[in-house]
Amino acid sequence: MIIAVKLSKIVLVAAVALFSLLVVFNNLVDYQSNYLYVQHVMTMDTTGNTAQAEWRAVHNPVIWRGAYSLIIAVEAVIALLCWAGVIFMIRNIQNEDFHESKSLALAGLTLGVLLWFLAFVGISGEWFLAWQSRSWNGIQPGFRMATLFLLTLFYLSQKE
């Protein structure tokens, strides 16, 4: 039974790693699609009510590109940490040190929760008021991803 739980944890972390890698790939190959999200969120041009919050809007393309590049870089780090975690867990699947071998995967999952929750729900949703936008609102996808990462994090952190 314990080996099945360990394998389950490895496979779930691998799924997160693959997902994160695909997100990075798509953001690089189809750069413009999600770049437009960052641009519209940061300019607050689709919220419909920017009069009181216009001072928060960012209209500088250099900052948009920097923010988008930072998001992609964090997504890449998440993928790398989770893949490294998978390798470490596989190497230690038969050892008593299996629980300790999860540290890189735990770091990747934590970073994923922070990215999806903080960047998409917090900064995008609340600071840039994306919750008011019908076309560029990333709160639901951000919440969904943060929740999936967090559930995986909780499961992984449990001792077998």
So if I check each of S69, S124, which one is within 16 Å of H40 (Cα to Cα) and touching a Gly at 6+ places or on another chain (Cβ under 9 Å)? S124
Inside the range 1-51, can you point out the residues that are modelled with pLDDT of 95 or more, assigned to a loop (DSSP other than H, G, I, E, B) and more than 19 Å from the chain's Cα centre (by Cα)? none
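For every residue, the table says whether it meets (1) surrounded by fewer than 18 Cβ atoms within 10 Å (Cβ to Cβ); (2) more than 23 Å from K102 (Cβ to Cβ).
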site: K6; (1), (2): no, no
site: L18; (1), (2): yes, no
site: N26; (1), (2): yes, yes
site: Q39; (1), (2): no, yes
site: M42; (1), (2): no, yes
site: G48; (1), (2): yes, yes
How many residues are surrounded by 20 or more Cβ atoms within 10 Å (Cβ to Cβ) and closer than 23 Å to S20 by Cβ if we restrict to the range 120-133? 5
Selection within the range 134-159 - over 13 Å from V38 (Cα atoms) and surrounded by 18 or more Cβ atoms within 10 Å (Cβ to Cβ): G142, M145, A146, L148, F149, T152, L153, L156
Just a yes or no: is a residue in the range 123-139 closer than 24 Å to S8 by Cβ, out of contact with any Cys (no Cβ under 7 Å at 6 or more places or on another chain) and hydrophobic (A, V, I, L, M, F, W, C)? no
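The values are calculated or read from the model by the stated rules, or taken from the named source; none is laboratory data. Being a predicted model, the structure only gives us computed values, none of them experimental. Here Cβ is always computed from backbone atoms with ideal geometry, including for glycine, and neighbour counts include all displayed protein chains.
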